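Working notes for the structure below.
The values are calculated or read from the model by the stated rules, or taken from the named source; none is laboratory data. These numbers were taken from a predicted model, which means no experiment stands behind them. Backbone-built Cβ (ideal geometry, glycine too); neighbour counts: all protein chains shown.
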């Protein structure tokens with residue numbers, strides 16, 4: 001499977017600064033130490049220090065774990081400091097939070113409350129694996145072009161252009177393009193507005 005890579009370099013400094021500000025503010029606002037956030041998120045204290053210092057480009061998987069711990073979306077961590085009631089952006093302005101080894105990308109088009117809208121493109125025979133998200137997280141995928149195999153747990157679900165799949169994303173899951181042509185899909189992710197402590201999983 002293809003591993004996560006950092007966001008696009010064109011907006012990396014701005015994204016890293018926004019993430020640093022929001023993570024620090026959310027953590028201190030809850031009275032959590034770095035050790036507490038590390039325990040809740042499953043992200044190492046060293047990585048969190050790097051994130052809060054805006055000295056790293058965290059992968060989408062790392063951002064998702066931190067966001068889950070706070071009970072917010074990844075988009076919330078990327079919000080600019082200035083809030084606007086109307087926000088129009090071009091496609092190229094949407095941050096690329098994942099780049100696959102074969103050229104695929106995942107762009108976060110918009111976040112609103114507990115919802116995120118993503119644009120995914122997978123090159124032929126490219127795949128992406130995702131960790132489990134907090135309980136209650138759902139993903140809705142609409143396949144625009146190509147073929148897509150969505151694996152949830154041990155079950156494979158094959159989609160063709162024009163089809164939609166709705167899944168509970170609290171288990172490890174993956175997306176794979178099994179064909180010789182590119183695949184593109186739009187994904188809506190909704191996350192429950194509650195904090196999540198991954199240490200509870202290890203106690204089961």
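Residues that are assigned to a loop (DSSP other than H, G, I, E, B) and under 15 Å from the mean Cα position of the chain (by Cα) were ranked within the stretch 182-200; the one that is nearest to residue 158 (Cα to Cα) is 191. Looking at 43, 86, 19, just one residue is surrounded by fewer than 16 Cβ atoms within 10 Å (Cβ to Cβ), more than 20 Å from residue 187 (Cβ to Cβ) and out of contact with any strand residue (DSSP E or B) (no Cβ under 9 Å at 6 or more places or on another chain), and that residue is 86. Only one of the listed residues (61, 71, 29) is closer than 17 Å to residue 196 by Cα and surrounded by fewer than 12 Cβ atoms within 10 Å (Cβ to Cβ). That residue is 29. Does residue 107 meet the test of being touching a residue at least 40 places away in the same chain (Cβ under 8 Å) and either surrounded by fewer than 23 Cβ atoms within 10 Å (Cβ to Cβ) or assigned to a loop (DSSP other than H, G, I, E, B) (or both)? Criteria not met by residue 107. When 133, 87 are screened for being at pLDDT below 95, more than 24 Å from residue 38 (Cα to Cα) and assigned to a loop (DSSP other than H, G, I, E, B), only 87 passes.
Look at (1) within 14 Å of the chain's Cα centre (by Cα); (2) modelled with pLDDT of 95 or more and you find that residue 59 fails only one, number (2).
Let's see how each residue does on (1) touching a helix residue (DSSP H, G or I) at 6+ places or on another chain (Cβ under 6 Å); (2) outside the structural domain of residue 47 (by TED's automatic domain parsing):
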site	(1), (2)
77	yes, no
100	no, yes
106	no, yes
110	no, yes
114	no, yes
129	no, yes
134	yes, yes
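Going through (1) more than 20 Å from residue 108 (Cα to Cα); (2) under 20 Å from the mean Cα position of the chain (by Cα); (3) surrounded by fewer than 16 Cβ atoms within 10 Å (Cβ to Cβ) one by one, residue 91 falls short only on (1). Restricting to the stretch 13-45, name every residue that is in contact with a helix residue (DSSP H, G or I) (Cβ under 9 Å, 6 or more places away or on another chain), assigned to a helix (DSSP H, G or I) and over 21 Å from residue 108 (Cβ atoms). Correct list: 27, 34, 35, 36, 37, 38, 39, 40, 45.
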